[in-house]
Amino acid sequence: MKNFNIFNLFRKDSEETTATANTYNNIGGDFMKTTNRLFTKVISALSAVVLATAGIGSSSMKSDASYDDPDFTELAEQVIVLVNEARAAEGLDPIYAVPYLCDAAETRAEECVENFSHSRTNGDSFIQIVDYNVTPWATAAENIACGMSTPEDTFEQWKNSPSHWAAIMNPDYTHMGVGVTYDPDSVYGWYWEQLFIKVDPYEVPSGEIEGQYIPDKYKIVPQSAGDIDGDGIIDSFDYVLLCQYINKQITLNPLQMESADILADGVITYSDAAYLRKYILGEIEQIPVSLF
């Protein structure tokens with residue numbers, strides 16, 4: 001017997017937001033020196049571009065979620081990571097992400113732009129988005145939210161709602177998908193959806209669904225200060241990423257931001273880029289750099 005809950009929706013009723021902090025301990029970088037003249041010229045040219053725009057300002061250690069092209073897949077996976085961290089704190093098993101369910105959740109998030117409800121735009125229940133023949137389910141639930149631009153703030157909305165939190169903490173659910181979308185012309189801007197299921201044990205005795213996985217908290221993990229791209233080598237690619245971040249062209253995860261803070265002063269500025277350049281060119285022997 002299949003059953004589902006239609007009780008969980010949440011919208012932004014105030015401008016209150018919360019923030020979470022992440023820390024990372026730097027590993028001192030090894031001395032690296034380049035003798036390639038062409039490489040030096042490339043670094044110098046990049047530096048000229050950065051210094052020419054130095055009047056724009058600097059970026060703090062707090063990430064900015066207001067970029068024009070958000071990575072919805074990455075944001076969705078961050079929500080799943082938050083779910084599993086919260087469940088682990090309560091001694092519960094993690095929930096597996098499933099690409100098919102994430103696609104379904106993405107469609108539901110887009111539908112919520114027009115109709116913020118657990119009913120689909122054609123009047124069907126939310127669970128009709130899932131093809132039972134593709135993903136057999138025994139029980140299901142949905143959480144929806146809107147108005148907040150970050151996974152953390154949206155998760156906090158659900159956490160502060162007993163019915164939403166009950167779905168997140170339900171020990172029966174085994175798999176989930178998360179969808180997120182943004183429409184600047186809509187009422188609430190940001191829309192988020194969590195789709196939980198318990199796999200049907202009669203149809204899937206193993207309990208495993210094709211493609212299931214548990215997302216890593218961070219896709220890129222720096223090996224040392226300055227290794228912003230996480231490949232274990234401090235080179236011009238890291239310098240370019242740092243310049244792009246300072247110019248607000250890309251976002252960095254908290255570990256990358258800690259790695260990019262070459263001066264270890266809690267902020268990421270053009271000074272960090274300048275010292276990273278010096279290190280790559282062999283002008284200084286160690287990072288992070290202490291000026292005192």
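The values are calculated or read from the model by the stated rules, or taken from the named source; none is laboratory data. This structure is a prediction, so every number in the text was calculated from the model and none was measured. Note that we place each Cβ from the backbone using ideal geometry, even for glycine, and neighbour counts take in every protein chain shown. Please note that ligands, DNA and RNA were not included when accessible areas were found on the heavy atoms of the full protein model with its side chains. Shrake-Rupley method; radii C 1.70, N 1.55, O 1.52, S 1.80 Å.
More than 22 Å from residue 148 (Cα to Cα), among the charged types (D, E, K, R) and modelled with pLDDT of 95 or more: which single residue out of 229, 172 fits that description? Don't jump to the end; show me each part of the working.
Numbers: 229 fails: modelled with pLDDT of 95 or more.
Among 229, 172, only 172 is more than 22 Å from residue 148 (Cα to Cα), among the charged types (D, E, K, R) and modelled with pLDDT of 95 or more.
So which residues in region 191-209 are open to solvent by less than 70 Å² (accessible area, probe 1.4 Å) and either at pLDDT below 95 or in a loop (DSSP other than H, G, I, E, B) (or both), if there are any at all?
Answer for region 191-209, where residues must be open to solvent by less than 70 Å² (accessible area, probe 1.4 Å) and either at pLDDT below 95 or in a loop (DSSP other than H, G, I, E, B) (or both): 200, 201, 204, 207, 209.
What tally of residues in region 135-190 results from selecting those that are of a type outside the set (Asp, Glu), under 27 Å from residue 211 (Cα atoms) and not in a strand (DSSP E or B)?
Here is the first cut: in region 135-190, the residues of a type outside the set (Asp, Glu) are 135-141, 143-151, 154-155, 157-171, 173-182, 184, 186-190.
Cutting the leftovers down to under 27 Å from residue 211 (Cα atoms) gives us 135-141, 143-145, 150-151, 154-155, 158, 164-171, 173-182.
Still in the list and also not in a strand (DSSP E or B): 135-136, 150-151, 154-155, 158, 164-171, 173-174.
Result for region 135-190: 17.
Of the residues 224, 236, 259, 271, only one is among the hydroxyl-bearing types (Ser, Thr, Tyr) and open to solvent by 40 Å² or more (accessible area, probe 1.4 Å); which? Steps first, answer last, please.
Values: 224 fails: open to solvent by 40 Å² or more (accessible area, probe 1.4 Å); 236 fails: open to solvent by 40 Å² or more (accessible area, probe 1.4 Å); 259 fails: open to solvent by 40 Å² or more (accessible area, probe 1.4 Å).
Among 224, 236, 259, 271, only 271 is among the hydroxyl-bearing types (Ser, Thr, Tyr) and open to solvent by 40 Å² or more (accessible area, probe 1.4 Å).
Of the numbered conditions (1) part of a helix (DSSP H, G or I); (2) among the charged types (D, E, K, R); (3) within 29 Å of residue 218 (Cβ to Cβ); (4) modelled with pLDDT under 95, residue 64 fails exactly one; give the number of that condition.
With respect to (1) part of a helix (DSSP H, G or I); (2) among the charged types (D, E, K, R); (3) within 29 Å of residue 218 (Cβ to Cβ); (4) modelled with pLDDT under 95, residue 64 is out only on (1).
Can you report the number of residues in region 239-254 which are open to solvent by less than 20 Å² (accessible area, probe 1.4 Å) and not in a loop (DSSP other than H, G, I, E, B)?
Final tally of qualifying residues: 5.
Tally the residues that are more than 18 Å from the chain's Cα centre (by Cα) and of a type outside the set (Gly, Ala, Ser), restricting the search to region 180-194.
5
How many residues are open to solvent by less than 30 Å² (accessible area, probe 1.4 Å) and aromatic (Phe, Trp, Tyr) when one looks only at region 117-144?
2
Restricting attention to region 97-111, report how many residues are open to solvent by 10 Å² or more (accessible area, probe 1.4 Å) and touching a Gly at 6+ places or on another chain (Cβ under 9 Å). Reasoning before the result, please.
Narrowing region 97-111 to residues open to solvent by 10 Å² or more (accessible area, probe 1.4 Å): 99-100, 102-103, 106-107, 110-111.
Add one more test, that the residue is touching a Gly at 6+ places or on another chain (Cβ under 9 Å), and what stays is 99-100, 102-103, 106-107, 110.
Going through region 97-111 one residue at a time, the tally reaches 7.
Of all residues in region 148-165, which are touching a residue at least 12 places away in the same chain (Cβ under 8 Å) and open to solvent by 10 Å² or more (accessible area, probe 1.4 Å)? First the steps, then the outcome.
First, pick out the residues of region 148-165 that are touching a residue at least 12 places away in the same chain (Cβ under 8 Å): 148-159, 161, 163-164.
Residues satisfying the conditions are 148, 149, 150, 152, 153, 155, 156, 157, 159, 161, 163.
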